[in-house]
Amino acid sequence: MHAFKDSQYHDSVLKTREFMFNDLKATISLAQSRGAAPNFLLALGLCCYTEFWGRLIEGIPSGNEEICFDAFFNRLGKCYRSQRLSSNFQPYRDIRNGLVHAYLDRDVIIKLSSGKCGIVGEPQKGKMRYTFHIKTYSKDFQIAVNDYINRLYSSDKTVEKMERAFEGKVVLT
């Protein structure tokens, strides 16, 4: 039995959640108070955080970035899952990789706002135009992280995968 509360990674997982949630809250608050949002950095951070939690879900310590990203993206809510199943909606390639490697090559509008879904894809002239709603994605992300951590307390298999993902990694203490 691999009880999460007894796992050597228990404290690290909880500290990682706390760090990420505080980081998002502080950055969004700063953006609101100054009127100039670091939208690009917020969207990039959320995408990287999404991939991190997907690693824990899948039990993958490195590589397979798209699998990891998609695993957690699907947990953000119904609107995310249903859009991702669309043949043209490719958030890993167009959003996450687009932000990291080719920001100017993608049609992405990033807003410090709320929307019906954190990322909305709309086909336009043969390609996708994305709108990334930071506040909605952040809220949905936090709900999904909390849900995942709650599952760790009740599923040995979930804990085993999480522990595999941490193999060879630096752990927050």
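Of 147, 94, 70, all but one fail to be closer than 22 Å to residue 8 by Cα and in contact with a Lys or Arg (Cβ under 9 Å, 6 or more places away or on another chain); the exception is 147. For residue 131, the conditions (1) polar (S, T, N, Q); (2) surrounded by fewer than 17 Cβ atoms within 10 Å (Cβ to Cβ); (3) over 19 Å from residue 23 (Cα atoms) are fulfilled apart from (2). Pairs linking a residue in the range 34-57 that is part of a loop (DSSP other than H, G, I, E, B) to a residue that is modelled with pLDDT under 95 and crowded, with 21+ Cβ neighbours inside 10 Å, with Cβ atoms under 9 Å and 6 or more positions apart or on different chains, are 37/110; 37/134.
Annotation note: of 28, 57, the sole residue that is under 15 Å from the mean Cα position of the chain (by Cα) and not acidic (Asp, Glu) is 57. Selection of first residues in the range 123-151 that are in contact (Cβ under 8 Å) with a residue 12 or more places away in the chain and of second residues that are surrounded by fewer than 16 Cβ atoms within 10 Å (Cβ to Cβ) and assigned to a helix (DSSP H, G or I), restricted to Cβ pairs under 9 Å at least 6 apart or on distinct chains, gives the following pairs, ordered by first then second residue: 138/25; 149/14.
The values are calculated or read from the model by the stated rules, or taken from the named source; none is laboratory data. Everything numeric here is computed off the predicted structure, so don't read it as measured data. A quick note on method: Cβ atoms are made from the backbone with ideal geometry, for glycine too, and the neighbour counts reach across all protein chains shown.
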